[in-house]
Amino acid sequence: MRYKSGYKAEKRQELLDISGQIAKKNGFSATGVDSFMKAAGVTSGAFYSHFSSKSDLFKALIENELQHSLQMWQDNPHQDNAEAWMDFELNRYLSISHVERPDHGCVLPTLASEIARAEIDIKQAYQAELLRGQHLFMKHLGSEEKAWAVMCQLVGAILMARSMVDESIKLLILESSKQCIKAMLQKAS
């Protein structure tokens, strides 16, 4: 059977997108290759035409997810106004929908602990992509330290909110984090 030009690249991207959703919801290590491929509607054998190993999938998934985050930050409509850019990102990231839908959210709160235990090449890929995002935050916040502090606060707030049962506590974590970040940025100005 002949496939149209670009089919393999499209299928790989589809596998990365679906695997990313599953990994963010259930954990990467806890999910087998068969589960990832079944969700994508392909056989486990087809996996090896796209990835050499589960570790190769993890590396590609991390790169894909962080590139998606970078694209979202670049698409922020307030590129010329640092305060409006940050407000937009705070409201987008620190939302209850982000807490309740990890499969459609940022990879950092869900998979950072698995990345910390991963092989060096996965950590290097993660670091390279994360630094691209950090540079974008730095551009808008004016400092490397502020960029790291804000990114860490965002990820930590989502992680903490996800661990709560009571929705009012989740909302309190999100709102208090927004206010804390805004106060820190105003004080530093």
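Checking segment 153-167 against the condition returns no match, with no residue being part of a helix (DSSP H, G or I), open to solvent by less than 30 Å² (accessible area, probe 1.4 Å) and charged (D, E, K, R). Residue pairs whose Cβ atoms lie under 9 Å apart, separated by 6 or more positions or on different chains, with the first residue in segment 127-149 and over 24 Å from Phe58 (Cα atoms) and the second open to solvent by 30 Å² or more (accessible area, probe 1.4 Å) and among the aromatic types (Phe, Trp, Tyr), are Phe137/Trp148; Met138/Trp148. Can you say whether Phe58 is assigned to a loop (DSSP other than H, G, I, E, B) and either touching a Cys at 6+ places or on another chain (Cβ under 9 Å) or crowded, with 20+ Cβ neighbours inside 10 Å (or both), as far as the supplied structure shows? Criteria not met by Phe58.
Could you grab me the full set of residues in segment 72-100 that are open to solvent by 60 Å² or more (accessible area, probe 1.4 Å) and either in a helix (DSSP H, G or I) or under 24 Å from Ile18 (Cβ atoms) (or both)?
Scanning segment 72-100 gives Met72, Gln74, Asp75, Glu83, Phe88, Asn91, Arg92, Ser97, Glu100.
Taking the conditions (1) more than 16 Å from the chain's Cα centre (by Cα); (2) over 22 Å from Glu119 (Cα atoms); (3) open to solvent by 30 Å² or more (accessible area, probe 1.4 Å) in turn, Ile18 satisfies each one other than (1). What do you reckon, is Asp103 over 17 Å from Ile22 (Cβ atoms) and either of a type outside the set (A, V, I, L, M) or part of a loop (DSSP other than H, G, I, E, B) (or both)? No, not satisfied. Scanning segment 102-126 for residues that are open to solvent by 20 Å² or more (accessible area, probe 1.4 Å), without any contact (Cβ under 8 Å) to a residue 60 or more places away in the chain and closer than 18 Å to Gly156 by Cβ turns up Ala112, Ser113, Ala116.
The values are calculated or read from the model by the stated rules, or taken from the named source; none is laboratory data. A quick note: this is a predicted structure, and the numbers were derived from the prediction, not measured. Cβ sites come from the backbone with ideal geometry, for glycine too, and all protein chains shown count toward neighbours. These area figures cover heavy atoms from the full protein model, side chains too; ligands, DNA and RNA do not enter into them. Shrake-Rupley method; radii C 1.70, N 1.55, O 1.52, S 1.80 Å.
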